[in-house]
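To start, the structure under review is shown below, and the notes come after it.
We did not get these values from a lab; they are worked out from the coordinates using the rules stated. This is a predicted model, so every value here is computed, not measured. Don't worry about glycine lacking a Cβ; one is built from the backbone with ideal geometry, like all the others, and counts go over all protein chains shown.
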Amino acid sequence: MEPIDKKKYLYPGAFAGLVFAGVMAAFDYNDDILFSISKFLMNFILFGGFMAAINYFSLRKARKNKK
């Protein structure tokens, strides 16, 4: 079985993490909380990594079921 192309799960995970972190920063701005780069990066890395992992395991399972 050939490995899954990293672009298929890393790019969507990074995009989802960026969108999530941006939305969370917008909610903080709406609540008059100052922008925190550490909080933004934490949201980006944790949520993006979580979404990339979910996407990776979904693609892996789909490949197994396809064969």
**Asked** Lys/Arg Cβ at +1, Asp/Glu Cβ at -1, dipole of the chain taken about the Cα centre: which of Phe44, Phe57, Val19 is farthest positive-ward?
**Response** Phe57
**Asked** Can you give the alpha-carbon Rg of segment 7-61 over 2.2 N^0.38 Å, where N counts its residues?
**Response** 1.27
**Complete:** With Cα coordinates, the longest principal axis of the chain makes an angle with the long axis of helix 7-30, in degrees rounded to 10, of 20
**Prompt:** Once both axes come from the Cα atoms, what is the angle between helix 37-66 and the longest principal axis of the chain, in degrees from 0 to 90, rounded to 10?
**Reply:** 20
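Using Cα-Cα distances under 8 Å and only pairs 6 or more residues apart, what relative contact order does the chain have, in percent?
Here the relative contact order equals 47 percent.
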**Helical contribution to [θ] at 222 nm, DSSP H n ≥ 4, -39,500 (n - 2.57), averaged over the chain, rounded to 500** = -29000 deg cm²/dmol
